[in-house]
Amino acid sequence: MGSQIVTLTTDFGHEDHYVGVMKGVIAGIHPPARIIDLTHDVGPYGLLKTAFVIAQAHPFFPAETVHVVVVDPGVGTSRRPILVEAAGQHFVAPDNGVLSQVYEQTEHLVREIDAERWALKPTSNTFHGRDLFAPVAAWLAKGTPPAAFGSPVDEYVQLDPTTPALAQPGRWHGKVLNIDRFGNIVTSFPAELLGESPSDFRLAAGGIEVSKTAKAYAQAPPGAAFVITGSSGYLEVSINRESAAERGGVAIGDDVELVFRKDGRSRPLR
């Protein structure tokens, strides 16, 4: 049936013509397409951040939406272009792990795109966003069935899992999924792990250790560190009016730890 909605997520920024040209290609193939920019500022080669962004964004879009994700340090190499069917939507991306958190969230089918058939000619070795991913997205949005783009594959690149692991009773290990522009540290610990009325816990992220919670950023005094449930449903380490990431020396992908001193929440996450 096709979709009128195509989203774009890239590390291209806004200084160059790259994003605009991708939109031009899509418009040329499927003029009614409604193109929505998720972000173009994930940072060069930011696979982990991009995996978080697209996993958080896609549940809020209608069925048949086409998501184009171009963070592609392997452009021009043997890395495969893929089309993923998941959650009733379509994802067009390089096979470099950038869709890993979508894979973790939901059942999915991965196809290798037949680039020779679907890419613009001539095809640049450095701009597959324009020459391959944008055309595929446009034809998908126009109603071309996913099976036309290539055959399913069983093996594809996945980044390290982000689901927290129970190291021992009461001690959980997780990862930093994201750092937003305010410096909030988004961990992979789901909010339900801490519970409604937490007590006697410690969350460590880099050089910061936190044992207090807040329900709003402004509840804490300026400069005070606390744990808050963010809009994505994960625990965040935050500092009111300051960057927690900068103070703690924390980067996306770093290890974090959540320890319960008394009740030892020790049931594995499902």
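The values are calculated or read from the model by the stated rules, or taken from the named source; none is laboratory data. Note that the coordinates shown come from a computational prediction; the quantities given were computed from them, not determined experimentally. Note: ideal-geometry Cβ built from the backbone for every residue, glycine included; neighbour counts use all protein chains shown. Keep in mind that these areas ignore ligands, DNA and RNA; they rest on the heavy atoms of the full protein, side chains included. Shrake-Rupley method; radii C 1.70, N 1.55, O 1.52, S 1.80 Å.
Going by the conditions given, is T213 under 19 Å from A55 (Cβ atoms) and among the hydroxyl-bearing types (S, T, Y)? For T213, the condition - under 19 Å from A55 (Cβ atoms) and among the hydroxyl-bearing types (S, T, Y) - is not met. Listed conditions (1) open to solvent by 40 Å² or more (accessible area, probe 1.4 Å); (2) in a strand (DSSP E or B); (3) under 25 Å from K121 (Cβ atoms) are all met by G28, apart from (2).
Here D160, D154, D131 are screened, and the one residue that is in a helix (DSSP H, G or I), acidic (D, E) and either open to solvent by 80 Å² or more (accessible area, probe 1.4 Å) or out of contact with any helix residue (DSSP H, G or I) (no Cβ under 6 Å at 6 or more places or on another chain) (or both) is D131. Residue count for the range 98-141, restricted to those that are polar (S, T, N, Q) and within 14 Å of I29 (Cβ to Cβ): 0. Restricting T50, T9 to those that are modelled with pLDDT of 95 or more, part of a strand (DSSP E or B) and of a type in the set (S, T, Y) reduces the list to T9.
Among the residues of the range 1-54, those identified as free of Cβ contacts under 8 Å to residues at least 12 places away in the same chain and among the charged types (D, E, K, R) are E15, D16.
Taking the criterion of being among the polar types (S, T, N, Q), surrounded by fewer than 19 Cβ atoms within 10 Å (Cβ to Cβ) and either part of a loop (DSSP other than H, G, I, E, B) or at pLDDT 95 or above (or both), the residues of the range 73-116 that qualify are T77, S78, T106.
Yes or no, residue by residue, for (1) open to solvent by 40 Å² or more (accessible area, probe 1.4 Å); (2) aliphatic (A, V, I, L, M); (3) modelled with pLDDT under 95; (4) part of a helix (DSSP H, G or I):
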residue	(1), (2), (3), (4)
S3	no, no, yes, no
D16	yes, no, no, no
V19	no, yes, no, yes
K23	yes, no, no, yes
L38	yes, yes, no, no
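State whether one or more residues within the range 209-219 are touching a Leu at 6+ places or on another chain (Cβ under 8 Å) and within 26 Å of P59 (Cβ to Cβ). Yes, because at least one residue in the range 209-219 is touching a Leu at 6+ places or on another chain (Cβ under 8 Å) and within 26 Å of P59 (Cβ to Cβ).
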